[in-house]
1. Considering only protein heavy atoms, what is the solvent-accessible area of F199 at a probe of 1.4 Å, reported in Å² to the nearest 10?
2. Please report the spacing between the Cα centers of segment 286-311 and segment 36-79 in Å, no decimals.
3. For segment 231-316, what does the accessible surface come to per residue with a 1.4 Å probe? Please give it in Å².
4. Under 10 Å, Cα contacts only: if you run a Gaussian network model on the chain, which one of R294, R49, R135 comes out with the highest mean-square fluctuation?
5. Based on a Kirkwood Rh over C-alpha pairs, give the Stokes-Einstein translational diffusion coefficient of the chain at 20 °C and viscosity 1.002 mPa s in µm²/s.
6. Rolling a 1.4 angstrom probe over the protein heavy atoms, how many square angstrom per residue are accessible across segment 169-212?
7. Counting other Cβ atoms within 10 Å, which GluC sites (Glu not before Pro) in segment 73-181 have at most 13 and lie in a DSSP loop?
8. Pairs of alpha-carbon atoms within less than 8 angstrom and 6+ residues apart define the contacts here; what relative contact order does segment 241-319 have, in percent?
Amino acid sequence: MTPDDRVYAYSAVLMGSPILLKLFEHNESLASGVFRLIKQQENIFTVNRPHSDIMAINHAAGRDPVTVSAPVFALIRRAKAISCLPDSSFNFTIGPLVKRWKIGFSGHSIPAAHDLRTLLALTDPQDVILDEQTRSVFLQQAGMEIDLGAMAKGYIADVVRDYLREQQVESALINLGGNVQTLGSGAEGAWAIGLKKPFSDPEALIGVINVIGKSVVTSGVYERYFELDGHCYHHILDPKTGYPLDNELLSVTIISEDSIDGDIWTTLLYGMGVKKSLACLAKTPHIEAIFVTRDGQVILSSQRQFTFTPLDDSYRIVA
Ligand code: ADP
Ligand code: MG
Ligand code: MG
């Protein structure tokens with residue numbers, strides 16, 4: 001029996017992504033419990049269907065405050081705080097721009113400059129009014145839309161981890177389409193998570209990241225994009241310009257305890273670029289990053305929480 005023979009894999013397609021659960025026991029009912037939980041969470045956060053807790057807030061923009069559950073309120077409070085940081089490239093009120101570009105969906109197109117200006121005026125996170133007493137969220141301007149797409153998968157990965165822990169599971173891995181969270185160790189001591197080679201076949205890897213009980217989240221420009229006139233328009237937008245963020249980065253991977261941190265930090269650092277990010281990470285020991293740049297470098301911020309094994313000679317490892 002090889003170590004991998006002990007691992008049972010369960011898969012589903014949820015939140016528009018392939019979902020993979022790995023357990024060390026054959027347990028269909030536990031796997032169904034996990035997938036049910038993910039569906040419940042998706043129903044709260046989705047903005048790709050007419051009804052969800054977030055869509056209720058968006059539909060009431062410019063009109064009424066909407067009361068939400070305590071966890072959703074806490075998540076929105078955090079999203080606002082991060083979006084309001086000086087020079088933050090994370091903006092959870094980016095919804096009108098995301099809906100206009102439709103990147104990764106059919107009907108995508110480049111908005112006219114005047115459209116972008118109009119839509120950018122609807123993306124000020126200070127225009128989201130939170131009332132702690134009533135746990136209500138009010139979007140002050142009609143047409144505003146919140147979009148938690150940059151943090152929801154991370155949050156849900158942590159919800160799944162906590163659920164598995166409650167079920168006395170000691171080792172497991174959940175992959176929510178690029179957001180990986182792990183519990184304990186894998187078959188060979190640590191969980192092995194592939195770092196994808198940008199714009200290649202889906203199986204091609206730059207290297208392998210090994211973690212025990214950590215989250216690994218990657219956000220890359222090659223995940224969802226469209227090409228027009230030789231230019232690649234990807235799905236992480238610059239809240240200042242309304243265009244996709246454009247710098248030396250092809251992907252950012254975050255290794256952290258909680259997957260929500262990983263999800264938020266990939267977007268934050270993506271906008272900062274490598275130099276500023278490394279300075280920032282030097283002050284944030286619980287967050288570690290791997291950057292893949294357009295000129296073929298793999299830059300590691302530090303390696304306290306993971307090990308990295310390179311697999312592709314065409315990349316230069318900078319540690
Ligand atoms: P995924 O893991 O699904 O690729 P990311 O975590 O990389 O998603 O976040 C990208 C998603 O977040 C976009 O699809 C969009 O819904 C939203 N988004 C795009 N730009 C920003 C931004 N600057 N700040 C916050 N959310 C954004
Ligand atoms: Mg993210
Ligand atoms: Mg994500």
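1. 100
2. Going from one Cα centre to the other spans 34 Å.
3. 42
4. For the chain, modelled as a Gaussian network with Cα springs under 10 Å, the answer is R49.
5. Values: Rh = 20.4 Å.
Answer, rounded: 105 µm²/s.
6. In whole numbers, segment 169-212 has 38 Å² accessible per residue.
7. Details: sites: E132, E145, E166, E170; in loops: E132, E145, E170.
Here the sparse-neighbourhood loop sites are E132, E170.
8. 30
The values are calculated or read from the model by the stated rules, or taken from the named source; none is laboratory data. Just so we're clear, the structure is a prediction, and the values are computed from it rather than from any experiment. Reconstructed Cβ throughout: ideal geometry from the backbone, glycine too, with neighbour counts over all protein chains shown. We work out accessible area using only protein heavy atoms, side chains counted, and drop any ligands, DNA or RNA first. Shrake-Rupley method; radii C 1.70, N 1.55, O 1.52, S 1.80 Å.
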